[in-house]
Amino acid sequence: MPGDALSYLTDPGADMPVRMTEEKGEILLAYYGLDKPLSEQYINYMVGIIRGDLGLSIYYNDPVLEVILSRLKWTLLLVGTSTAIYITLGILLGATSAWARGRKKDMALLISILSISSFPSFFIGILMVIFFVVKLGIFPLSGAQTAFATYSNPLEEIFDILHHLVLPAATLVISHIGGTYFLMRNSMLGVLGEDYIMTARAKGLSERYILHKHAIKNALLPIVTMTAMTVGFMVTGTIFVEMVFAYPGIGNLLYNAVSYNDYPLLQGIFLFITITIVGANFIADMIYIQLDPRVNHE
């Protein structure tokens, strides 16, 4: 990424924000270790990672790890809530649609979810702001909490956080539910044609028992894989939603790091995203073994 890492910094010794002198620029380059050869910077960075030191953020002038951790809780809350909702809804609606294949319920779900999930997340977010914030005024415009608010009890603070969370989470749910719904529907259609489903019906088992005990459980395997892949990418995918709602999460932080050429912070965020993706895939492998014991014997 081209650009001077210090180009967005003003003279720290001046009373007013003015561009720093060349001499102070060289001092700051030496302070952040950017005046050393690239190979030496790389080795120092790798050694720092082993020690848990991700360097100093040039723009925020704080340790990168502290800056990321201060935003992580909001992203985990937003991504965790929206993922749990859209995965659950996608599975239920996909199974319902496949079970009623070709009927009015199936067609209505297909058209509805295909329509709402075709819009990009930032467009859905803007519509949410116009309708629920500007027109109706029932939700706050931005942030994760009311600024400078004092709470009389913990429940009041929780309600305020959830009040700010509704619109960003709803935007992510609407923009991501289509993938889970269509994958679950297709997986269910494949499972419903299997011999063991016909055998279960021939044995006289109820349709509800066949649906929950045999069909949904076996159709969940590709959903687990897809969820593991999307959780990691959702962390970066929230950047548009967090920008629309000024939500102080990792996506918003990534946008600021790119805007201000804050390389140490960018490296720290990419490292965090990599760990998230690897961790999500590891958890998916463990769940896969529980759903399909044959994987453990291969």
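Assorted remarks:
- Hits in region 159-193 - residues which are free of Cβ contacts under 8 Å to residues at least 24 places away in the same chain and either under 21 Å from the mean Cα position of the chain (by Cα) or outside any helix (DSSP H, G or I) (or both): L162, G193
- Residue in region 215-225 that is closer than 30 Å to I126 by Cβ, surrounded by fewer than 17 Cβ atoms within 10 Å (Cβ to Cβ) and among the aliphatic types (A, V, I, L, M) present: no
- Here is the figure for region 59-92: residues that are more than 19 Å from the chain's Cα centre (by Cα) and crowded, with 23+ Cβ neighbours inside 10 Å total 1.
- Any hit, region 230-250, residues being surrounded by fewer than 16 Cβ atoms within 10 Å (Cβ to Cβ) and under 19 Å from A98 (Cα atoms): no
- Looking across region 93-114, the residues that are more than 24 Å from the chain's Cα centre (by Cα) and open to solvent by less than 30 Å² (accessible area, probe 1.4 Å) come down to A95, S97, A98, A100, D106.
- Contacts under 6 angstrom Cβ, first residue in region 116-142 being under 19 Å from I161 (Cβ atoms), partner assigned to a loop (DSSP other than H, G, I, E, B) and not β-branched (V, I, T), 6 or more apart: F132/F139; V133/F139; V133/L141; S142/F245; S142/A246
- T150 falls short on exactly one of the conditions (1) of a type in the set (S, T, Y); (2) in a helix (DSSP H, G or I); (3) surrounded by fewer than 14 Cβ atoms within 10 Å (Cβ to Cβ), and that condition is (2).
- Restricting region 238-278 to residues that are among the hydrophobic types (A, V, I, L, M, F, W, C) and not in a helix (DSSP H, G or I), the residue that is nearest to P140 (Cα to Cα): F245
The values are calculated or read from the model by the stated rules, or taken from the named source; none is laboratory data. Worth saying up front: this structure is predicted, and the values here are computed from it rather than measured. All Cβ positions, glycine included, derive from the backbone under ideal geometry; neighbour counts span all protein chains shown. The protein model used for the area step is the full one, side chains on, heavy atoms only, and it has no ligands, DNA or RNA in it. Shrake-Rupley method; radii C 1.70, N 1.55, O 1.52, S 1.80 Å.
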